[in-house]
Amino acid sequence: MVITSTTRPIRQTDLQEVRDHHAYLIRFADQPSARPFVSALLTTPHGSALASVLIAVPDLCDEIERLRETLTALRLDHHNLIAAVRATLAAHREGEDDPLYYVRDELSAQCGEVL
């Protein structure tokens, strides 16, 4: 067998670590000793942009988690289809009566309809 995949491992950001850093920054900004500094910073364009980014972090983490779950499900479907195709090819080589059964069965399972 020749492996032809050129997919590189994807480095996944630790979202809990991102959430922890976000919570730390929010707590820091809420400390009485930091309030004058934070108030002054928020009056600048850079500070306003920083606040917008901080506000977006939890939603972005949620979206990344949702996309990771979707990607995992798609990869599972893809691998199951590849297994079904391999089973179909083996069944064809062995002369089974209905070698396409494996592909039809997997597509039915993924699509929720009988093919």
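The values are calculated or read from the model by the stated rules, or taken from the named source; none is laboratory data. Only a predicted model underlies this, so the values are computations on that prediction, with no experimental measurement involved. Neighbour counts run over all protein chains shown; Cβ positions are idealised from the backbone, glycine included.
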- Considering only residues that are of a type in the set (D, E) and surrounded by 12 or more Cβ atoms within 10 Å (Cβ to Cβ), look in region 52-92 and name the one that is nearest to L42 (Cα to Cα). D62
- Per the filter on region 62-115, residues among the hydrophobic types (A, V, I, L, M, F, W, C) and out of contact with any helix residue (DSSP H, G or I) (no Cβ under 8 Å at 6 or more places or on another chain) are L67, L71, A73, L74, L76, I82, L89, A90, C111
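Based on this model, can you work out whether D20 counts as over 30 Å from D105 (Cβ atoms) and surrounded by 12 or more Cβ atoms within 10 Å (Cβ to Cβ)?
Here the answer is no, as D20 does not meet what is asked.
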- Message: Given the criteria without any contact (Cβ under 8 Å) to a residue 24 or more places away in the chain and among the basic types (K, R), does R66 qualify?
- Response: yes
- Task: Tell me, yes or no, whether region 47-54 has at least one residue that is within 22 Å of the chain's Cα centre (by Cα), in a helix (DSSP H, G or I) and under 30 Å from R75 (Cα atoms).
- Result: no
- Pairs, please: C-beta under 8 Å, at least 6 apart or cross-chain, first residue modelled with pLDDT of 95 or more and polar (S, T, N, Q) and in region 73-91, second surrounded by 11 or more Cβ atoms within 10 Å (Cβ to Cβ) and not in a helix (DSSP H, G or I)? T88/P99; T88/L100
